[in-house]
Amino acid sequence: MDPNLPVMPGLAGEIPPPAEDSGEQELVAAILRNDRKAAARFVAAHIDAIYTYARQRLLPRADLVEDTVQEVFLAALGGLRHFQGQSSLRTWLIGIARHKIEDVYRRRLRAPESLDDTAQLDRDPPDAAPMVDEQLDTTRAREKARSVIARLPERYGLILLWRYWEQRSTRDIAQAVGVTEKSVERMLARARARFKQLWLEE
Amino acid sequence: MFDDLWFERLAGMGEGSDERAPARLKSKVYSAAIMRMAGSAPLLDLKETKNSGGHLCVFEHSVALLPMGTAIRSMNPCRVCHARVLGERMEHAPIFWPGCPYSEFHNG
């Protein structure tokens, strides 16, 4: 276990819900009446959170972030009449975003693996002791992780995000992608090895 | 080091604070939302929108005052407004009309 990583409470990907908003049902009702100003309030209130959520999970494909955010809001509008108010609008939107992002993961990981990705593994250094001496604070560790993931081959970045940041089991990923669990584990092992190499280089 | 547990702890550090979405993206998402809404049913009449507390921009206000049927007042004047075009294509777009959602996305 790396002593440079502080122990932090909370689940991966946890986003605190917004303060109790008694106006959410009114906002939903107004949007369902096709009130354009209500739609503007809806977008303004939630787009930063959805953008952040999508951006952090699509790092290797930052070009997909804006399309995904738009898809989330359009899907939400399409399903708004089914919104029961059992969770906050923010939580409901994050749920839609999670599905959209998993669609991206699934599509990208189904693509054939590039030979470059596996060739790189041969150049990975053998297991080395951690070379980072400084104490990493949480913010720095998050930034470093994002930077490393962005530099990984796309499929490695995505599978690490899916497995650890989205907390999906290798079995779930294997079923979603349509490959064996062993195959997912092998890809994860390669992804971790590349991550490690880049992490220690930074 | 760099095993499952290490990655779980790294991921468990959470998200940090929200980043601001580009105003250009807010504008595009809003435009797409209005297109979707208008495609399913007429938008709420601008008079009713105003009566229910919505702030209209100067152009919407003009349309709301027209002595014409509700079909006209349910149209989306943003479709032909340069504020929408600017809002969707650039950051810090020079749009300053009160009541214009694109202005609020860029200056809010």
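The values are calculated or read from the model by the stated rules, or taken from the named source; none is laboratory data. Keep in mind that this is a model prediction, so the values were computed, not measured. Here the Cβ is made from the backbone with ideal geometry for all residues, glycine too, and neighbour counts use every protein chain on show. Just so you know, the surface numbers come from the protein's heavy atoms only, side chains and all, with ligands and any DNA or RNA stripped out. Shrake-Rupley method; radii C 1.70, N 1.55, O 1.52, S 1.80 Å.
Would you check which residues across the stretch A:77-134 are under 24 Å from the mean Cα position of the chain (by Cα), buried (at least 17 other Cβ atoms within 10 Å of the Cβ) and at pLDDT below 75 and list them?
Correct list: A:Asp117 only.
Against the condition in a helix (DSSP H, G or I), in contact with a Leu (Cβ under 9 Å, 6 or more places away or on another chain) and either aromatic (Phe, Trp, Tyr) or closer than 30 Å to A:Ala62 by Cα (or both), how does B:Arg36 come out, does it pass? Let's see the steps before the verdict.
Values: in a helix (DSSP H, G or I): yes; in contact with a Leu (Cβ under 9 Å, 6 or more places away or on another chain): yes; either aromatic (Phe, Trp, Tyr) or closer than 30 Å to A:Ala62 by Cα (or both): yes.
Yes, satisfied.
Consider the stretch B:1-31. How many of its residues are part of a helix (DSSP H, G or I) and within 7 Å of another protein chain (Cβ to nearest Cβ)? Break it down stepwise before answering.
Initial filter on the stretch B:1-31 (part of a helix (DSSP H, G or I)): B:4-11, B:23-31.
Now drop any that are not within 7 Å of another protein chain (Cβ to nearest Cβ), which leaves B:5-11, B:25-26, B:28-30.
Residues in the stretch B:1-31 being part of a helix (DSSP H, G or I) and within 7 Å of another protein chain (Cβ to nearest Cβ): 12 in total.
Identify all residues within the stretch A:187-198 that are open to solvent by less than 30 Å² (accessible area, probe 1.4 Å), free of Cβ contacts under 8 Å to residues at least 60 places away in the same chain and within 19 Å of the chain's Cα centre (by Cα); write none if there are none.
A:Leu188, A:Ala191, A:Phe195
Kindly provide the set of residues from the stretch A:145-160 that are among the basic types (Lys, Arg) and either open to solvent by less than 30 Å² (accessible area, probe 1.4 Å) or more than 13 Å from the chain's Cα centre (by Cα) (or both), ordered by number. Outline the logic, then answer.
Filtering the stretch A:145-160 for residues among the basic types (Lys, Arg) gives A:146, A:151, A:155.
Passing the criteria: A:Arg151, A:Arg155.
Considering only residues that are assigned to a loop (DSSP other than H, G, I, E, B) and open to solvent by less than 70 Å² (accessible area, probe 1.4 Å), which ones fall in the stretch A:163-186?
From the stretch A:163-186, those assigned to a loop (DSSP other than H, G, I, E, B) are A:166-169, A:178-180; that's our starting set.
Once the filter is applied, which keeps residues that are assigned to a loop (DSSP other than H, G, I, E, B) and open to solvent by less than 70 Å² (accessible area, probe 1.4 Å), the stretch A:163-186 yields A:Glu166, A:Arg168, A:Ser169, A:Gly178, A:Val179.
Testing B:Ile72 on (1) surrounded by fewer than 18 Cβ atoms within 10 Å (Cβ to Cβ); (2) touching a helix residue (DSSP H, G or I) at 6+ places or on another chain (Cβ under 8 Å); (3) assigned to a loop (DSSP other than H, G, I, E, B), one condition comes back false. Which one is that?
(3)
Can you tell me how many residues within the stretch A:27-76 are buried (at least 23 other Cβ atoms within 10 Å of the Cβ), more than 9 Å from chain B (Cβ to nearest Cβ) and among the hydroxyl-bearing types (Ser, Thr, Tyr)?
Looking only at that region, the number is 0.
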